[in-house]
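Derivation of every value follows stated rules applied to the coordinates shown; laboratory data play no part. All figures in this text were calculated on a predicted structure; none of them were measured in a lab. Please note: Cβ atoms are built from the backbone with ideal geometry, for glycine as well, and neighbour counts cover all protein chains shown.
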Amino acid sequence: MAATKQPWERALSRDVYTEFQDRRVIIAGVGANNIGAALAEGFHALGAKVAIIGYDRDPLTKLADHLDEKSKAQAMPRTHRPDAFAADLTKEEARRDVIANIIATAVMPVAFVSTLGNDKRTPLAELSQDQLRTQASSIGRFPF
């Protein structure tokens, strides 16, 4: 029985989207099983040099390992093991460190995708100014 293809595998073709092959794509807000992880898988399948950024290192490392193993098992040409960066992007120093580490890879980004969010469902009227700033900063500000 043939394996069922994911929607992005059916819709995206390496032959059509060649501009991502061997190019850096940065995805922020990546978790173990969220939209960021799905985007990382899709761009990775297109041959992009994916950099994934999330809060916890373990899920990022597992995702990078999974994508690397999957590409080898399927003999996908021109794929690269994703680079994983753990950081709290609400903190300016953490954002600067991640940018420095990404730039150190000598591959300038062609795309930046942010799936950052803060799902604390506190009614707006109950938020202090500091809480509102923290939630707004979780959206991320990258100086690219």
### Query
Non-local amide H neighbours of R24 (under 5 Å, H modeled in plane, Pro and chain starts lacking H): which ones?
K49, V110
### Query
Near A51, within a Cβ-to-Cβ distance under 10 Å, what is the net charge of the other residues, with Lys and Arg +1 and Asp and Glu -1?
+1
### Message
Quick one: 3J(HN,Hα) in Hz for region 76-93, Karplus 6.51/-1.76/1.60 with θ = phi - 60°, rounded, Gly and Pro as x.
### Response
6, x, 6, 10, 10, 5, x, 8, 10, 10, 9, 6, 8, 6, 7, 9, 4, 4
#### Entry: Virtual spin-label span in nm between A73 and F112, 7 Å along Cα→Cβ
3.4
### Query
Shape call for region 19-137 from the C-alpha gyration tensor, a ≥ b ≥ c root eigenvalues: rounded (a/c under 1.5), prolate (a/b greater than b/c) or oblate?
prolate
### Task
Mind giving me the nanometre distance, one decimal, between the label points for D65 and N34, set 7 Å out from Cα along Cα→Cβ?
2.1
### Task
Set the Förster distance to 22 Å, then compute FRET efficiency between Q131 and R96 from the Cβ-Cβ distance, nearest 0.05.
0.40
### Task
For region 25-33, just list the computed ³J(HN,Hα) in residue order, Karplus coefficients 6.51, -1.76 and 1.60, θ = phi - 60°, integers in Hz, with x standing in for Gly and Pro.
10, 9, 10, 9, x, 8, x, 5, 8
